[in-house]
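Q: First the structure, which I've put down as structure tokens, then a few questions once you've had a look.
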Amino acid sequence: MIASKQRMWDERWMSLALHYAQWSKDRGRQVGAVIVGPDQEQVSSGWNGFPRGVDDTIEHRHTRPTKYAFTKHAEENAILNAARMGASTRGCTMYLPWFPCANCAGDIVQAGISCVVVYPFDHDDPRWGESMKQAAEILFEGGVVVRVLPGSPPPNQEKLKDRIRFLEWRVQGLLEANNVNVERRREATRQLRNQA
């Protein structure tokens with residue numbers, strides 16, 4: 001009974017982390033994180049993206065390696081959001097669909113988070129594998145329990161969302177260009193009327 005109840009909570013919190021991931025404007029990988037207290041209350045959330053107030057519409061900021069300077073990981077944002085609200089993360093659980101990097105693992109340990117729940121991960125990932133291996137060591141030595149849920153995040157969601165964002169951006173640009181052209185025609189018509 002207790003195991004099935006915990007599984008229900010795990011699924012709910014991981015679904016919420018996946019939902020928050022959709023809020024990310026990252027062009028490569030969208031990750032969400034939820035920090036949950038011991039009584040199954042949401043303490044904080046975050047997703048990967050630029051810091052508050054930093055312009056995320058400047059295109060070159062989204063390309064590697066520049067994006068690494070501008071982007072905060074979901075884990076960092078969840079921890080920083082908790083700190084900003086004055087909420088303690090000590091003894092909490094963090095849910096995230098992607099295994100943390102070494103830097104985020106250090107932040108998780110320092111924040112006092114006692115458990116990280118993730119989907120299965122690939123330590124041989126060409127870009128993040130080495131950092132994930134280091135993160136696993138940091139979490140283990142820092143006393144953080146790592147629980148791996150069965151299953152995996154929906155495949156290819158990142159690419160699909162990227163395509164949708166691009167199309168939305170393109171349509172918005174066309175609409176704005178059309179509005180500018182309509183306004184120019186109106187202005188030209190007003191000037192002709194004033195000359196007559």
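Q: What's the local net charge at Pro100, with K and R +1, D and E -1, over the other residues with C-beta under 11 Å away?
A: Once all neighbours under 11 Å are counted, the net charge is -3.
Q: Same structure, new question: Given H placed on each backbone N at 1.01 Å, which residues far from Lys72 in sequence or on other chains put an amide H within less than 5 Å of it?
A: So Lys72 has HN proximity to Gly49, Phe50.
Q: Under a 5 Å amide H to amide H cut-off, with H placed in plane at 1.01 Å, what residues pair with Val146 once short-range neighbours are removed?
A: Val116
Q: Pull up all non-local amide H partners of Ser44: gap of 5 or more, or a different chain, and H-to-H distance under 5 Å with H placed in the peptide plane.
A: Ile35
Q: Okay, next question. Mind checking which aspartates and glutamates have their Cα closer than 19 Å to the Cα of Lys25? Skip sequence neighbours fewer than 8 apart in that chain.
A: Excluding near neighbours in sequence, the set is Asp55, Asp56, Glu59, Glu75, Glu76, Glu158, Asp162, Glu168.
Q: So between His123 and Glu59, what do we pick up on full extension, going 0.36 nm a residue minus the alpha carbon distance?
A: 20.0 nm
Q: Suppose R0 equals 25 Å. What FRET efficiency, 1/(1 + (r/R0)^6) with r the Cβ-Cβ distance, do His19 and Ser88 give to the nearest 0.05?
A: Plugging the Cβ-Cβ distance into 1/(1 + (r/R0)^6) gives 0.55.
Q: Turning to a different aspect of this structure: Where does each of 62-72, 110-120 land if you order them by average Cβ count within 10 Å, highest first?
A: The most tightly packed comes first, giving 110-120, 62-72.
All of the numbers you see were taken from the coordinates with simple rules; none came from a lab. Owing to the predicted nature of the structure, the values given are computational and were not obtained by experimental measurement. No Cβ is skipped: glycine too gets one built from the backbone with ideal geometry, and neighbour counts run over all protein chains shown.
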